[in-house]
Structures are given as structure tokens and as C-alpha cells.
Amino acid sequence: MKKVHPAVVGAQPFQLAEHRPVERLFEDAEGRDRLEKSLSRYPEKKGALLPMLAYAQERNGWLSPEAMEEIAEALDLTPAYVRSVATFYTMYAKRPVGRYWIQVCTCISCHVNRGEEVFESFLEHTGTRAGEVSEDGRYTVIEAECLGACGFATVVQVNDRYFENVTPETVPEVLAQLEPGEPEA
Amino acid sequence: MGFPHDHDLEIGTILSRHFGDPKARELDTWLTYGGYEGLKQAVEMDPGEITTIVKDSGLRGRGGAGFPTGLKWSFMPQEKSGPHYLCCNADESEPGAFKDREILRWVPHLLIEGCLIAARAIRAEHAYIYVRGEYFPFTSILNDAVVEAYEAGYIGRDILGSGWDCDLTVHIGAGAYIAGEETGLMSSLTGGRAEPKIKPPFPAQSGVFGKPTTVNNVETLAAVPMILINGADWYRQWGTEKSPGTKLWCCSGHLVRPGNYELELGVPLKDVIYDVCGGAPDGKKIKAVIPGGSSTAMLTADELDVPSTYEGLQEAGSSLGTASPIVLNEDTNIVRAMRRIADFYAHESCGQCVQCREGTSWVAKILKRIEDGDGRLSDLDTLYDLCEQLTGRTICVLADSVVFPLRSSLDKFRDEYEALIGGRA
Ligand SMILES: Cc1cc2nc3c(=O)[nH]c(=O)nc-3n(C[C@H](O)[C@H](O)[C@H](O)COP(=O)(O)O)c2cc1C
Ligand code: SF4
Ligand code: FES
């Protein structure tokens, strides 16, 4: 079990290539630990909602209706409320996505530095259409709004990693670096 | 070697001096750089004394609006009737802005120290750092620093043996620009949709979890330790009466040397663009600059000789915003660039206000039509009308944000719109 300090329990990377799926989130020691530590950081139970949504995605790779129901129960909220919050945020995957969730920024600074072409190049090299999971389950490519690294356009985020100064030509290099064992960018 | 570039105009205060130096993230090294000296002073001081120094320094909020920081702190109740909270806004999502992430990833202990000093000044017992979800790699660096600081007694119970307690929690969002608006941030932190709320009540009266709260930007808080250590006059050696100090710039778009630079407030904008960043690559001319991030009014290449202060850019009809100039070269299709900006605001509208929800999408649709060659001259009137309807009528200023670049593009680059329209009435 990964040991996490209570101060940062609600700030763990939740988009990962490796998933450790569980049917019930809070029935093993890790799940209960995360829940209890999160609850200890907010004066109201509801404060732990985003951390727990993130945790479900970290474990399962996406946010299933069952996970949302379990979170609702743990925090004394209605499932409808939890769904209404989860759907507000774009990073919670409401259905399964590829192991590599590739977000290509096409916002203004990347837009003027060939962002759209980089996006097209990712679609081509992964053989997918926008938002779809590739046949081998590896990739989902989407266009993203500003990723907050505009000076290093075009910016691409893959799960919990950033790739900067990506051009349509360097897309294959980025994809190659995703495989385990490859050095960090 | 500077990071990622070096320039004579750069001022390397503790804010940016250690960018690019991974050792600065570690507490042991950070202490040899003077880390936590400000906190040592702060725990011996009254909250009011800290606030006075920050007030005198003239430090203004670096999140975009430029509100005086010490004044904001003084709005917090002096007598406590319950918990107070500090929220550090690390949601950084304004297109063009990428400075807070440099602070998170190179000098996380500086931010932690700033949060604690501010928390002491506003009598808060808990500080939350709300980081945008996408910033996983930088949040992980911050997380490590927070755990280290807890273990060394800089955060938590009886800080530095002073008897003062303060907790700090890192909290991440999940992809919503509007969570950067301070009331949206508070809604999100309490486990809600990041929907802004009407003010009053102001955060200092009823903020996160219904308690008095102060929201400050990362860069604002990171500037506090050096001000406390060196004094208000020291900080005022840079900048102007109304815009003292240094500012972390984020320069992007068509530039030879894009990136982050710490510069004195008041440097002429044209020097930032041409001298510091080397102008546009490939010998191209510059057509327009959006000086303060995508929500500020465009300036033409002829309008760049202005001092980069809050007041200077305001006089020039734009705004310093987050000091994040986006540079567009002579080949840029202004209508297409403006459409891409409008798409952003349409996508990020939280949908609570009809004017904003409908208006921003409407703007994006009309611009797309013009871009695709299907526009009419009457569309330009409609766009001006929409500018009126999107100004000052909504819960937050996201709606106004699209108006600044839009109106300025219509006023200054009308010929480009007309060329695409080709005379259709
Ligand atoms: C739509 C919108 C988005 C905003 N996004 C951010 C942001 O990402 N980061 C930030 O610090 N301030 C942002 N702000 C400004 C905050 O509302 C708030 O003024 C700021 O965090 C206060 O900190 P300061 O006084 O230290 O600048 C945003 C405002 C609006 C209207
Ligand atoms: S102005 Fe737009 S973003 Fe702001 S509260 Fe209204 S709908 Fe939401
Ligand atoms: S515009 Fe692409 S990272 Fe900001």
C-alpha cells in the first residue's frame, strides 16, 4: 500500500497508465486510509468529494457509476449530487479511456504554433478518432484547452506527464517514450 | 546559464533565482538559500504587523486583478469567532499564463513559506493550496516539499516552537478554468461544482466552508517572504508608486525566446517583446500582442511603447493581467485567432448566467462563420452588440473576459474581418 501523508492525500496523480481496479473502493486498507485521511482535512465531509472522485479514477482508470454511488454513501451525499459534480469537471473520465490519455493543447499560444497539426498527427499515429479508445485499448486522444505551459508550445499532456515543444514530426517520439522503460522526457 | 534563457533586464530575486536548480526543491538546500527566514520572523510578530509591512510594500495581487494584498488581508476579522482560512490559488488556467507552475516546480518551499506567513497575518489555522488537476508533475513536487516541511516542524503544531499551529493541505482540481475565479475556487474546494457566487458576501466575511477566507495567487504569496525579510522599501526599489516590485512574466506565441522572466514592473512592453524575447522568429514582423493573458485587449505593433505597469497598460486601453503577453506575427489570421480564444471562453463558461452561456457560444459561432467565409457585414454589428451584453451583467467576469480581446480585434483589425466577409451585407 502506497503511504500518503494526510496533507497531500487529495493531490495524488489520478490519471495513470497502470490501474489497480477494485470493485469496492473503501473495503480494503488503502481505500479506508485515503478516505479517513481526506475527511481529516476538511471541516465538512463534502470537502473530501473531489479527492475521492480522483482516488476512484486513480484506482480504476475511470469513474464508474458504482464508484460514484459508493462515494456518495461514504460522504452522506446523494448519488445525483455526486454525478452532478463529477460531470462538471473534464478530467474525470465518465467512461473507460485508453491507458494513455493524450491531451493536445490547441488553445491560443499552441494554436499559433501548429497545435491543430500536432493533434491531427496524434490521431493519425494512434489510428483513432478524437475521444475514441484505440483498438488495442492503449490510446485516447483529445483536444485540450490551455495546459498552462504556453511558452513551450505545442504542449501535450499524457496521463501525469507533460511533453513540451511537440511538433507534428516529433509525435512518434512522444509515443515511443510512453512505453515503460523509456527515459522521462 | 539562466532558465530557460537569460537577459540583462532580468532581476533575480528569490522568486526566480533558483529556477532550473532541482536542489532548491530540497529542504536542506533551501535552508542554505535563506529559506524559512521570513517565517521565523513572522511567528514572532503580530498579525497586524505583518499586514502593515505587506501594505507598505504596495504588493498587488498577481492573479490578474492587481488588488492590493495588504488591504485584502486587512478585511479579515480582527477578532476571531471561528476558523479562518487561506486559499492559495494555483489553478492557473488563463491562456498565456504559466508562471505559477514554475514556482510550484522549482521553489515549492518558497510558496509554502508565503502561505504560512499569510495565514498568520489573517489568523488562519488552515491553508489550502488549490492546484489545477493537470499540473500532476508539479503538484507532486509541491507534495514532497509539504511533507518535508511538516516533518521538519515548519507546518503543523507549535511551528518552530512558537506555540502557533497552522495546517496546510494540497487539493487538486479536475479541469475547470472557472475554478480559478475565487468564489468558484471556494465552491470547488468544498466539494461542489466550481460555480462562482454573487458577492456580497465577500470571502472575508463568508468564504470557504462559510468562514472568513482570503484567496491569493501563488506568485503573490511567493513574494511575501522576501518582503518580510527585506522590508517594504527594499521591495519598492523596483517599479512605480502604484505598481511596485518585480513581476514574473510569461511570454508565448510567436517569439524567438518565449518563457518566464522576472522583470521590474514598468519595463516598456516593447523591450519585453523585442529585447528580452527577441521578437518574432524568422524575421517576421509582429502584428498584435495580447499583453496580459487571453482576457486582455489586443495591442497593435505600434502600441507597444508603454510602461508595463498596472496603470500604464490600463491607460493604453488594455491590462497587465497576469503579465502574459501572447505575440501574434504578421501571418496570423486575427479572426481565426480570436475564434480560438472565443472557443475557450464558450467551453469554460460554467453556464449559470444565460448571457454568458449563450453569449460566449454565439460569439464563437459567428467568428467561425466569418473565418469560413460565410460571414456578413451585419455580423460585425452583432458582435459589437454581444460585447455590450456580455459586459457587467453576470455573476463573475468570465463573460467580460472575452469582450476585451474581441472588441479590440474588431476596432483594430476590422479590415481583416471585412476581407474575409468580402462585402456581403
Ligand atoms: C474567470 C476567472 C478566472 C481566474 N483564474 C485565476 C487563476 O487561475 N489563478 C488566479 O490566481 N486567479 C485567477 N482569477 C482571479 C481570482 O478570482 C482572484 O482574484 C485571485 O486569485 C486573487 O488573488 P490575488 O489577489 O493574489 O491576485 C480568475 C478570475 C476570473 C474571473
Ligand atoms: S459569468 Fe459565466 S462563468 Fe461566470 S458565473 Fe456566469 S455563467 Fe458562470
Ligand atoms: S495555450 Fe497551449 S499550453 Fe497554454
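The values are calculated or read from the model by the stated rules, or taken from the named source; none is laboratory data. Predicted, not measured: the structure shown is a model, and the values here were computed from it. Cβ atoms come from the backbone with ideal geometry, glycine included; neighbour counts cover every protein chain shown. Only protein heavy atoms, including side chains, enter the accessible area calculation; ligands, DNA and RNA are left aside. Shrake-Rupley method; radii C 1.70, N 1.55, O 1.52, S 1.80 Å.
I need a count of the residues in segment B:388-406 that are part of a helix (DSSP H, G or I) and open to solvent by less than 70 Å² (accessible area, probe 1.4 Å). Residues flagged as part of a helix (DSSP H, G or I) and open to solvent by less than 70 Å² (accessible area, probe 1.4 Å) within segment B:388-406 amount to 8.
Tell me the residue from B:Val306, B:Val327, B:Val335 that is touching a strand residue (DSSP E or B) at 6+ places or on another chain (Cβ under 6 Å) and away from ligand 1 (no atom under 16 Å from the Cβ), please. If you could, list the steps in order and put the result at the bottom.
Details: B:Val306 fails: touching a strand residue (DSSP E or B) at 6+ places or on another chain (Cβ under 6 Å); B:Val335 fails: touching a strand residue (DSSP E or B) at 6+ places or on another chain (Cβ under 6 Å).
None of the other options fit; the residue is B:Val327.
From the list B:Gly20, B:Gly82, B:Gly66, B:Gly34, the one residue that fits, being assigned to a loop (DSSP other than H, G, I, E, B), within 12 Å of chain A (Cβ to nearest Cβ) and not polar (S, T, N, Q), is B:Gly82. Screening B:Ala323 on (1) away from ligand 3 (no atom under 16 Å from the Cβ); (2) open to solvent by less than 50 Å² (accessible area, probe 1.4 Å) shows it passes everything except condition (1).
Return a yes/no flag: does segment B:167-186 have any residue that is away from ligand 1 (no atom under 16 Å from the Cβ), farther than 19 Å from A:Ser38 by Cβ, in contact (Cβ under 8 Å) with a residue 40 or more places away in the chain and surrounded by fewer than 22 Cβ atoms within 10 Å (Cβ to Cβ). Steps first, please.
Just the residues of segment B:167-186 that are away from ligand 1 (no atom under 16 Å from the Cβ), to begin with: B:167-169.
With the extra rule that they be farther than 19 Å from A:Ser38 by Cβ, the set shrinks to none.
Within segment B:167-186, not a single residue is away from ligand 1 (no atom under 16 Å from the Cβ), farther than 19 Å from A:Ser38 by Cβ, in contact (Cβ under 8 Å) with a residue 40 or more places away in the chain and surrounded by fewer than 22 Cβ atoms within 10 Å (Cβ to Cβ).
The set of residues from segment B:358-398 being within 14 Å of another protein chain (Cβ to nearest Cβ) and either within 16 Å of ligand 1 (Cβ to nearest atom) or closer than 24 Å to A:Val85 by Cβ (or both) comprises B:Thr360, B:Leu398. On the stretch given as segment B:121-148, residues that are more than 9 Å from chain A (Cβ to nearest Cβ) and of a type in the set (A, V, I, L, M, F, W, C) total 6. A Cβ distance below 7 Å, combined with a sequence gap of six or more or placement on separate chains, defines the contacts here; from segment A:51-78, residues that are within 13 Å of B:Gly191 (Cα to Cα) and modelled with pLDDT of 95 or more reach residues that are among the polar types (S, T, N, Q) and open to solvent by less than 10 Å² (accessible area, probe 1.4 Å) in the pairs A:Pro51/A:Ser38; A:Met52/A:Ser38.
For segment B:118-128, indicate whether the set of residues that are among the basic types (Lys, Arg), open to solvent by 10 Å² or more (accessible area, probe 1.4 Å) and under 26 Å from B:Gly321 (Cβ atoms) is non-empty. Looking through segment B:118-128, none of the residues is among the basic types (Lys, Arg), open to solvent by 10 Å² or more (accessible area, probe 1.4 Å) and under 26 Å from B:Gly321 (Cβ atoms). Close contacts from segment B:375-400, counting a first residue that is touching a residue at least 24 places away in the same chain (Cβ under 8 Å) and charged (D, E, K, R) and a second that is open to solvent by 70 Å² or more (accessible area, probe 1.4 Å) and part of a helix (DSSP H, G or I), with Cβ to Cβ under 8 Å and a gap of 6+ residues or different chains, come to B:Asp379/B:Arg369; B:Arg393/B:Gln355. Among the residues of segment B:232-268, those that are open to solvent by 20 Å² or more (accessible area, probe 1.4 Å), more than 19 Å from B:Glu102 (Cα to Cα) and away from chain A (no Cβ under 14 Å) comprise B:Asp233, B:Trp234, B:Arg236, B:Gln237, B:Trp238, B:Gly239, B:Thr240, B:Glu241, B:Lys242, B:Gly266, B:Pro268. Looking only at segment B:272-281, decide whether some residue is open to solvent by 10 Å² or more (accessible area, probe 1.4 Å), away from chain A (no Cβ under 14 Å) and more than 15 Å from ligand 1 (Cβ to nearest atom). Scanning segment B:272-281, I find at least one residue that is open to solvent by 10 Å² or more (accessible area, probe 1.4 Å), away from chain A (no Cβ under 14 Å) and more than 15 Å from ligand 1 (Cβ to nearest atom), so the answer is yes.
Filtered by the rule that a residue be aliphatic (A, V, I, L, M), within 16 Å of ligand 2 (Cβ to nearest atom) and touching a Gly at 6+ places or on another chain (Cβ under 8 Å), segment B:365-401 gives B:Leu386, B:Leu390, B:Ala399.
Find the residue count for segment A:89-122, including only residues that are closer than 24 Å to B:Pro95 by Cα and either modelled with pLDDT under 95 or more than 12 Å from ligand 3 (Cβ to nearest atom) (or both). Break it down stepwise before answering.
The first filter runs over segment A:89-122 and keeps only residues closer than 24 Å to B:Pro95 by Cα, leaving A:89-93, A:101-122.
Of the ones still in play, those that are also either modelled with pLDDT under 95 or more than 12 Å from ligand 3 (Cβ to nearest atom) (or both) are A:89-93, A:101-102, A:117, A:120-122.
Total meeting the criteria: 11.
Quick test for you: out of B:Glu264, B:Glu311, B:Glu241, pick the one residue that is under 29 Å from B:Val403 (Cβ atoms) and touching a residue at least 60 places away in the same chain (Cβ under 8 Å). Lay out the reasoning, then the answer.
Numbers: B:Glu264 fails: under 29 Å from B:Val403 (Cβ atoms); B:Glu241 fails: under 29 Å from B:Val403 (Cβ atoms).
After ruling out the rest, the residue left standing is B:Glu311.
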